[in-house]
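Comments concern the structure below.
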Amino acid sequence: MYTEQEKKQGSTMSTMSAELDQLITGAIKKIGGKKENDLCRYLPMVTGGYMHHFTLRKMKHQGPERLADMIRRFIIDADKPLTVKPKQRAARGSRKKKGQVVLSETDIECLLTLARGAGNKDMVRKLLPRKELKVIKRELIASIRNGLVDNNLWNTYVEAVT
């Protein structure tokens with residue numbers, strides 16, 4: 001059973017929700033958007049960049065007063081609402097991989113000559129650049145036509161197929 005305080009709290013929440021919905025509708029019209037998520041680009045965040053649409057949804061339920069204040073300040077009360085620049089992020093592939101050794105072309109050539117000198121065919125095969133299956137097949141067929149048997153080429157073909 002509800003107490004008087006819970007009833008008052010529930011009614012204030014529903015009025016706040018209705019007020020927020022009207023505010024959101026007005027803001028969408030002002031920016032010329034089609035949906036609620038279009039508002040996100042106009043709402044800056046403390047951490048930088050604009051508000052994520054998940055955060056907008058969360059604030060709509062958990063912090064409607066704060067969201068209403070932000071919408072009023074940055075969209076409704078602003079003469080011309082400005083879009084917020086996106087948060088600066090690192091480029092794709094820019095994160096360093098841990099535990100990998102970076103070798104230059106000259107380093108690889110040096111290792112190849114050492115492996116060939118030691119007779120380590122497995123190491124030579126691993127250090128040679130990878131070839132496509134079509135290229136390996138073409139080279140294998142050419143060597144067979146010439147009457148040559150190349151075990152390394154055959155092993156490379158077997159590895160590529162598996």
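Have a look at GLY99, ASN151, MET123 and report the one farthest towards the positive end of the charge dipole of the range 77-162, computed about the Cα centre with Cβ charges (Lys/Arg +1, Asp/Glu -1).
GLY99
Under a point spin-label approximation (7 Å from Cα along Cα-to-Cβ), what is the GLN62-ILE31 distance to one decimal in nm?
2.1
So if each residue of separation counts as 0.36 nm, and I subtract the Cα-Cα distance between LYS126 and THR83, what length gain in nm does that give?
Answer, rounded to one decimal: 10.3 nm.
Could you give the length gained by full extension between LEU114 and ILE144, i.e. 0.36 nm per residue of separation minus their alpha carbon distance, to one decimal place?
Values: separation 30, 0.36 × 30 = 10.80 nm, distance 2.90 nm.
Contour length minus the Cα-Cα distance gives 7.9 nm.
How much area per residue is accessible in the chain when the probe is 1.4 Å and only protein heavy atoms are counted (Å²)?
82
Which of the pairs LYS34/LYS60; LYS98/LYS121; LYS35/LYS58 have their Cα atoms more than 20 Å apart in this structure? Can you show the working numbers first?
Numbers: LYS34/LYS60 18 Å; LYS98/LYS121 28 Å; LYS35/LYS58 16 Å.
Distance filter (> 20 Å) returns LYS98/LYS121.
Considering the dipole of the range 38-120 built from charges on the beta carbon (Lys and Arg +1, Asp and Glu -1) around the Cα centre, which of HIS53, LEU111, PRO81 is farthest to its positive end?
HIS53
Can you list the DSSP H helices in the chain whose Cα atoms extend at least 24 Å along the helix axis and whose mean Kyte-Doolittle hydropathy is -1.0 or higher?
On the way: long enough: 4-31 (40 Å, -0.60).
Going by DSSP H runs, the hits are 4-31.
Ignoring ligands, DNA and RNA, what percent of the 1.4 Å accessible area of the range 18-121 is carbon and sulfur?
The nonpolar share, carbon plus sulfur, comes to 53 percent.
Give me the extension gain from ARG72 to ALA91: residue separation times 0.36 nm, minus the current Cα-Cα distance, reported in nm with one decimal.
Here the segment from ARG72 to ALA91 would lengthen by 3.4 nm.
So what are the three principal axis dimensions of the range 71-162 from its Cα atoms, in whole Å, longest to shortest?
Sorted from largest, the Cα extents of the range 71-162 read 84, 30, 21 Å.
The range 42-88: Rg/Rh from Cα coordinates, Kirkwood Rh?
0.96
What whole number of Å gives the distance from the Cα centroid of the range 17-81 to the Cα centroid of the range 102-162?
60
What trypsin sites (Lys or Arg not before Pro) does the range 57-108 have in DSSP loop regions with at most 15 other beta carbons within 10 Å? If you can, show how the numbers build up before the last one.
Numbers: sites: ARG57, LYS58, LYS60, ARG66, ARG72, ARG73, LYS87, ARG89, ARG92, ARG95, LYS96, LYS97, LYS98; in loops: LYS87, ARG89, ARG92, ARG95, LYS96, LYS97, LYS98.
Those satisfying the criteria are LYS87, ARG89, ARG92, ARG95, LYS96, LYS97, LYS98.
What's the local net charge at GLU65, with K and R +1, D and E -1, over the other residues with C-beta under 13 Å away?
Every neighbour counted, the sum reads +2.
So for the chain, what percent of the C-alpha to C-alpha distances run longer than 20 Å?
That tail contains 70 percent of the Cα-Cα pairs.
How large is the helix-only mean residue ellipticity at 222 nm for the chain, computed as the sum of -39500 (n - 2.57) over DSSP H runs with n ≥ 4, divided by its residue count, in deg cm²/dmol to the nearest 500?
After summing the helix terms and dividing by residue count, I get -18000 deg cm²/dmol.
Mind checking the dipole of the range 60-160: about its Cα centre, +1 per Lys or Arg Cβ, -1 per Asp or Glu Cβ, Debye to the nearest 20? The partial results should precede the final answer.
Values: 23 positive and 12 negative charges, 75 e Å.
My answer is approximately 360 debye.
The values are calculated or read from the model by the stated rules, or taken from the named source; none is laboratory data. Note that the structure is predicted; figures quoted are calculated from it, not measured. As a convention, Cβ positions derive from the backbone with ideal geometry for all residues, glycine included, and neighbour counts pool all protein chains shown. Just the protein is used for accessible areas: all its heavy atoms, side chains included, with ligands, DNA and RNA removed. Shrake-Rupley method; radii C 1.70, N 1.55, O 1.52, S 1.80 Å.
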